[in-house]
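The values are calculated or read from the model by the stated rules, or taken from the named source; none is laboratory data. Just so it is clear, the structure is predicted and the values come from calculations on it, not from any experiment. Cβ placement follows ideal geometry from the backbone for every residue including glycine, while neighbour counts extend to all protein chains displayed.
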Amino acid sequence: MSDTPRRRWIGRWILVVGVLHALLGFGIYIDSVVAVIRERLWNTVNDTVQGRPLAFWFIAAGFLVALAGALTSWIEARLEPPRFLGWTLLGFAAVGIVMMPVSGFWLLLPPGVALVARRVRAARNLP
(Lines give C-alpha, C1' and ligand atoms only; values in the text may rest on other atoms or scores of the structure.)
Protein backbone atom coordinates (compact mmCIF):
# COMPACT_ATOMS: atom_id res chain seq x y z
CA MET A 1 0.00 0.00 0.00
CA SER A 2 1.20 3.51 -0.69
CA ASP A 3 2.23 5.95 2.00
CA THR A 4 -0.66 8.29 1.24
CA PRO A 5 -3.58 7.82 3.60
CA ARG A 6 -6.74 6.68 1.91
CA ARG A 7 -10.28 6.64 3.10
CA ARG A 8 -11.49 3.13 3.72
CA TRP A 9 -15.05 3.18 2.47
CA ILE A 10 -15.31 0.26 0.06
CA GLY A 11 -15.67 -2.53 2.60
CA ARG A 12 -17.97 -0.41 4.74
CA TRP A 13 -20.16 0.30 1.70
CA ILE A 14 -20.49 -3.41 0.95
CA LEU A 15 -21.16 -4.14 4.63
CA VAL A 16 -23.99 -1.60 4.73
CA VAL A 17 -25.49 -3.00 1.52
CA GLY A 18 -25.51 -6.46 3.11
CA VAL A 19 -27.06 -5.27 6.37
CA LEU A 20 -29.75 -3.34 4.47
CA HIS A 21 -30.45 -6.43 2.35
CA ALA A 22 -30.91 -8.59 5.44
CA LEU A 23 -33.09 -5.98 7.15
CA LEU A 24 -35.19 -5.59 4.02
CA GLY A 25 -35.59 -9.37 3.94
CA PHE A 26 -36.78 -9.41 7.54
CA GLY A 27 -39.28 -6.67 6.67
CA ILE A 28 -40.58 -8.24 3.46
CA TYR A 29 -40.73 -11.77 4.83
CA ILE A 30 -41.70 -11.02 8.42
CA ASP A 31 -44.61 -13.48 8.32
CA SER A 32 -42.31 -16.32 7.24
CA VAL A 33 -39.66 -15.33 9.81
CA VAL A 34 -42.22 -15.26 12.63
CA ALA A 35 -43.68 -18.61 11.55
CA VAL A 36 -40.23 -20.22 11.45
CA ILE A 37 -39.40 -18.88 14.93
CA ARG A 38 -42.75 -20.06 16.31
CA GLU A 39 -42.04 -23.51 14.95
CA ARG A 40 -38.67 -23.45 16.74
CA LEU A 41 -36.45 -23.34 13.64
CA TRP A 42 -35.65 -27.03 13.16
CA ASN A 43 -36.53 -28.18 9.63
CA THR A 44 -38.88 -25.24 9.06
CA VAL A 45 -37.41 -24.07 5.76
CA ASN A 46 -38.30 -26.59 3.10
CA ASP A 47 -40.31 -26.92 -0.09
CA THR A 48 -43.53 -27.79 1.72
CA VAL A 49 -44.16 -24.23 2.91
CA GLN A 50 -44.14 -21.76 0.04
CA GLY A 51 -42.03 -18.61 0.46
CA ARG A 52 -39.78 -19.79 3.27
CA PRO A 53 -36.81 -20.82 1.12
CA LEU A 54 -36.94 -17.46 -0.66
CA ALA A 55 -37.11 -15.63 2.68
CA PHE A 56 -34.22 -17.64 4.07
CA TRP A 57 -31.94 -17.06 1.07
CA PHE A 58 -32.84 -13.39 0.80
CA ILE A 59 -31.83 -12.80 4.42
CA ALA A 60 -28.84 -15.17 4.26
CA ALA A 61 -27.55 -13.38 1.14
CA GLY A 62 -27.64 -10.12 3.07
CA PHE A 63 -25.55 -11.62 5.85
CA LEU A 64 -23.08 -13.07 3.34
CA VAL A 65 -22.70 -9.72 1.58
CA ALA A 66 -22.20 -8.07 4.98
CA LEU A 67 -19.52 -10.65 5.77
CA ALA A 68 -17.81 -9.92 2.44
CA GLY A 69 -17.94 -6.22 3.29
CA ALA A 70 -16.41 -6.75 6.71
CA LEU A 71 -13.64 -8.85 5.19
CA THR A 72 -13.01 -6.25 2.48
CA SER A 73 -12.80 -3.55 5.15
CA TRP A 74 -10.29 -5.66 7.08
CA ILE A 75 -8.24 -6.15 3.91
CA GLU A 76 -8.36 -2.42 3.11
CA ALA A 77 -6.92 -1.62 6.53
CA ARG A 78 -4.00 -4.02 6.18
CA LEU A 79 -2.98 -4.45 2.56
CA GLU A 80 -3.78 -3.69 -1.04
CA PRO A 81 -6.96 -5.57 -2.02
CA PRO A 82 -6.26 -8.25 -4.63
CA ARG A 83 -6.98 -7.44 -8.27
CA PHE A 84 -9.58 -10.19 -8.58
CA LEU A 85 -11.75 -8.67 -5.85
CA GLY A 86 -12.75 -5.61 -7.86
CA TRP A 87 -13.23 -7.49 -11.10
CA THR A 88 -15.25 -10.23 -9.41
CA LEU A 89 -17.45 -7.69 -7.67
CA LEU A 90 -18.01 -5.86 -10.98
CA GLY A 91 -18.81 -9.14 -12.75
CA PHE A 92 -21.23 -10.19 -10.02
CA ALA A 93 -22.94 -6.80 -10.14
CA ALA A 94 -23.15 -6.89 -13.95
CA VAL A 95 -24.73 -10.36 -14.05
CA GLY A 96 -27.17 -9.37 -11.31
CA ILE A 97 -28.09 -6.12 -13.08
CA VAL A 98 -28.69 -7.90 -16.40
CA MET A 99 -30.82 -10.58 -14.78
CA MET A 100 -32.60 -8.29 -12.29
CA PRO A 101 -32.35 -4.64 -13.38
CA VAL A 102 -34.75 -3.52 -10.67
CA SER A 103 -32.66 -4.64 -7.72
CA GLY A 104 -29.90 -3.63 -5.36
CA PHE A 105 -27.15 -5.03 -7.59
CA TRP A 106 -26.54 -1.45 -8.74
CA LEU A 107 -25.21 -0.72 -5.26
CA LEU A 108 -22.25 -3.03 -5.90
CA LEU A 109 -21.00 -1.00 -8.87
CA PRO A 110 -19.37 1.88 -6.91
CA PRO A 111 -17.17 -0.35 -4.74
CA GLY A 112 -16.31 -2.59 -7.70
CA VAL A 113 -15.28 0.36 -9.85
CA ALA A 114 -13.35 1.89 -6.93
CA LEU A 115 -11.41 -1.34 -6.32
CA VAL A 116 -10.47 -1.65 -9.99
CA ALA A 117 -9.55 2.05 -10.21
CA ARG A 118 -7.44 1.76 -7.06
CA ARG A 119 -5.45 -1.09 -8.61
CA VAL A 120 -4.98 0.82 -11.86
CA ARG A 121 -3.71 3.86 -9.94
CA ALA A 122 -1.39 1.67 -7.88
CA ALA A 123 0.01 0.05 -11.03
CA ARG A 124 0.71 3.48 -12.50
CA ASN A 125 2.06 4.80 -9.18
CA LEU A 126 -0.56 7.55 -9.06
CA PRO A 127 -1.91 8.99 -5.77
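Give the residues of region 93-108 that are hydrophobic (A, V, I, L, M, F, W, C) and either loosely packed, with under 15 Cβ neighbours inside 10 Å or touching a residue at least 60 places away in the same chain (Cβ under 8 Å) (or both), sorted by residue number.
Passing the criteria: Ala94, Val95, Val98, Met99, Met100, Val102, Trp106, Leu107, Leu108.
Here is a check on your reading of the model: is Ile75 out of contact with any strand residue (DSSP E or B) (no Cβ under 6 Å at 6 or more places or on another chain), on the phi < 0 side of the Ramachandran plot and surrounded by 14 or more Cβ atoms within 10 Å (Cβ to Cβ)?
So Ile75 fits the description; yes.
Would you check if there is a residue in region 23-36 being under 18 Å from the mean Cα position of the chain (by Cα), farther than 18 Å from Gly96 by Cβ and either among the basic types (Lys, Arg) or in the same structural domain as Leu108 (by TED's automatic domain parsing) (or both)?
There is no residue in region 23-36 that is under 18 Å from the mean Cα position of the chain (by Cα), farther than 18 Å from Gly96 by Cβ and either among the basic types (Lys, Arg) or in the same structural domain as Leu108 (by TED's automatic domain parsing) (or both).
Can we say Trp13 is in contact with a helix residue (DSSP H, G or I) (Cβ under 8 Å, 6 or more places away or on another chain), of a type outside the set (Ser, Thr, Tyr) and closer than 17 Å to Ala117 by Cβ?
Taking the combined requirement at face value, the residue satisfies it.
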